[in-house]
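Written below as structure tokens is the structure these notes are about.
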Amino acid sequence: MAKQILYGAGHNLRFHIKDWQARGITPVCVVDASVEKQNTTFSHSGIRLEILPLQEANFRYPDSDYYITLIAPNCYKAKESLILQGVAANRIFILADMFVEYPEEDNSDLPFAPDDMVKSCDYLERGIGFLFDGIYCCCLSSGRSGILIDAETLNAHESVSASDLCEMIKSERKQYFLALNGRNKRPLGDCEECVFLYEKQFSEVTFSGLGGKSGLQLVNDQSTLVCNHRCSYCRDAVLANKQYACQYDNRIVLKALDGFISRQKPSYFFVAINSGETALRKNLDELLDYFRAHELENIYIYSNASVYSKGIERSLKSGCVNLITSIDAGTPETYKKVHGADDFDKVILNLINYSVLGDNRHMRIKYVVLDDESNTSDEDLLGFLCAALLIKPEDINVLPQFRDSSESVPNSTIEFAARMSFLCPIITGRILYFFPALGISGDTEEFSKKVLERVESFDETKKSRLTEMVLNYLRSKLCKK
């Protein structure tokens with residue numbers, strides 16, 4: 001049996017390595033095109049693998065199979081690159097396309113021949129986004145597609161069955177697809193300029209499924225923007241101030257999911273629930289109970305953790321959900337400025353309880369570094385990392401303030417992230433990761449490269465000063481009367 005080599009040591013590999021391993025992927029190493037990553041070690045979820053240049057991997061493990069970890073469309077570009085560098089096409093597999101089961105489908109009603117090249121997108125074909133004003137095909141936060149079914153139509157079909165709702169979504173996907181390919185007209189939002197739009201043969205297009213593409217977030221539930229925080233960097237903060245609740249009965253979310261899942265359980269499922277403050281959502285427990293009952297995993301809940309949820313605790317314990325919390329501060333004062341709520345102590349205590357009573361292996365905490373430097377003090381840096389030591393999450397992430405990908409990240413953000421990257425393993429015993437936010441936080445790879453280069457530039461005097469800063473901080477806290 002041929003040895004297996006993974007291609008791509010990015011965030012998608014960290015997200016899904018355990019799932020792929022459970023499905024029989026047992027790699028001997030990882031290959032990455034980034035010179036900065038080569039000859040280092042990938043370490044996550046108890047798995048450690050060497051990251052090698054392609055030439056070195058070929059030398060050590062000739063005649064191996066390559067499994068690409070990237071998502072579309074980058075996975076197809078990576079395959080072309082490997083072929084150009086001499087890897088046989090029949091030895092290259094795309095993990096995003098593996099383990100996918102497509103329901104039988106008849107697209108003869110569309111005006112294309114099987115071998116016609118058409119524009120499409122995995123999110124359009126197999127994804128769904130619930131926003132407060134209707135159902136969208138796109139579930140990315142970095143852009144906004146045109147709407148598939150608006151709230152008025154959903155309210156008019158309130159009593160529709162799950163199966164019929166599924167057919168409505170499928171029909172609207174087809175009409176949207178026709179508009180993308182110039183065969184009819186309808187608003188397309190940001191789709192025409194989106195990096196995830198690519199060409200494929202019409203015979204490969206399918207509209208009947210949900211999920212199935214490993215590495216893709218294929219369901220996004222933002223059906224309400226009601227939130228108890230007003231984060232200074234949140235692009236939905238203005239809308240949240242108006243307390244936009246769902247304009248339709250958000251039990252339609254569960255009905256739509258059940259319409260697809262009852263037909264065929266997805267071979268891969270990836271859901272993000274980030275509706276304002278998720279713990280305030282009316283039917284959250286019902287939704288989580290459904291996921292547990294159907295043994296669906298890779299459910300990502302975004303919560304500020306200021307409200308403790310027994311439903312989230314149970315789901316963490318069962319392993320079906322992953323909890324993501326953005327803390328963005330290390331002191332109560334800064335937290336209040338950034339989040340617009342005096343909840344720092346409550347949030348840290350709730351996260352510790354989730355970690356102890358639920359399962360910290362499914363928890364991630366984040367730090368958004370603000371451009372105005374309002375959360376970049378030494379006290380915030382050390383307070384956050386000490387909180388992370390108590391919470392013991394699986395991942396600790398840092399990212400720049402949300403921005404258009406064309407905007408550069410301030411030097412102050414790079415410096416703060418570099419100091420956090422240096423101190424994180426010292427205080428918490430864990431490596432700091434750079435959180436992906438394509439299109440709004442800019443190029444994650446470029447950001448991580450700049451941060452790691454800054455860390456490498458630290459001389460021994462600076463490293464000693466940073467270490468001494470940790471000791472002084474701990475002394476000041478432990479010796480307080």
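The values are calculated or read from the model by the stated rules, or taken from the named source; none is laboratory data. Note that the structure is a prediction, hence the values are computed from the model and not measured. Here the Cβ is made from the backbone with ideal geometry for all residues, glycine too, and neighbour counts use every protein chain on show.
Below are the figures for this structure:
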{"quantity": "Some residue of region 108-116 being surrounded by 12 or more Cβ atoms within 10 Å (Cβ to Cβ), of a type outside the set (Asp, Glu), in contact (Cβ under 8 Å) with a residue 40 or more places away in the chain and not assigned by TED's automatic domain parsing to the domain that holds Phe15", "calculated": "yes"}
{"quantity": "Region 337-384 - residue that is under 25 Å from the mean Cα position of the chain (by Cα) and among the basic types (Lys, Arg) and, of those, surrounded by the fewest Cβ atoms within 10 Å (Cβ to Cβ)", "calculated": "Arg361"}
{"quantity": "Residue within region 327-336 that is closer than 30 Å to Ser262 by Cα, of a type in the set (S, T, N, Q) and surrounded by fewer than 23 Cβ atoms within 10 Å (Cβ to Cβ) present", "calculated": "no"}
{"quantity": "Residue satisfying all of: in region 51-64; crowded, with 18+ Cβ neighbours inside 10 Å and either within 26 Å of the chain's Cα centre (by Cα) or among the charged types (D, E, K, R) (or both); farthest from Leu432 (Cα to Cα) among these", "calculated": "Leu52"}
{"quantity": "Conditions (1) under 22 Å from Val307 (Cα atoms); (2) modelled with pLDDT of 90 or more: number failed by Leu382", "calculated": "(1)"}
{"quantity": "Residue ID - farthest from His362 (Cα to Cα), chosen from residues in region 45-69 that are out of contact with any strand residue (DSSP E or B) (no Cβ under 8 Å at 6 or more places or on another chain) and in contact (Cβ under 8 Å) with a residue 60 or more places away in the chain", "calculated": "Asp63"}
{"quantity": "Conditions (1) touching an Asp or Glu at 6+ places or on another chain (Cβ under 8 Å); (2) surrounded by 15 or more Cβ atoms within 10 Å (Cβ to Cβ); (3) at pLDDT 90 or above: number failed by Asp19", "calculated": "(3)"}
{"quantity": "Given (1) out of contact with any Leu (no Cβ under 7 Å at 6 or more places or on another chain); (2) at pLDDT 90 or above; (3) hydroxyl-bearing (Ser, Thr, Tyr), number of the condition Ser315 does not satisfy", "calculated": "(1)"}
{"quantity": "Yes/no for Ser159 being in contact with a Cys (Cβ under 7 Å, 6 or more places away or on another chain), in the same structural domain as Arg251 (by TED's automatic domain parsing) and not hydrophobic (A, V, I, L, M, F, W, C)", "calculated": "no"}
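Here's the yes/no breakdown for (1) modelled with pLDDT of 85 or more; (2) outside any helix (DSSP H, G or I); (3) closer than 28 Å to Gln401 by Cβ:
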| site | (1), (2), (3) |
| --- | --- |
| Lys200 | yes, yes, no |
| Gly209 | no, yes, no |
| Leu254 | yes, no, no |
| Lys265 | no, yes, no |
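A quick yes/no check of all residues on (1) under 27 Å from the mean Cα position of the chain (by Cα); (2) outside the structural domain of Asn107 (by TED's automatic domain parsing); (3) modelled with pLDDT under 90:
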residue	(1), (2), (3)
Asn155	no, no, no
Lys170	yes, no, no
Leu197	yes, no, yes
Ser223	yes, no, yes
Cys234	yes, no, yes
Gln243	yes, no, yes
Cys246	yes, no, yes
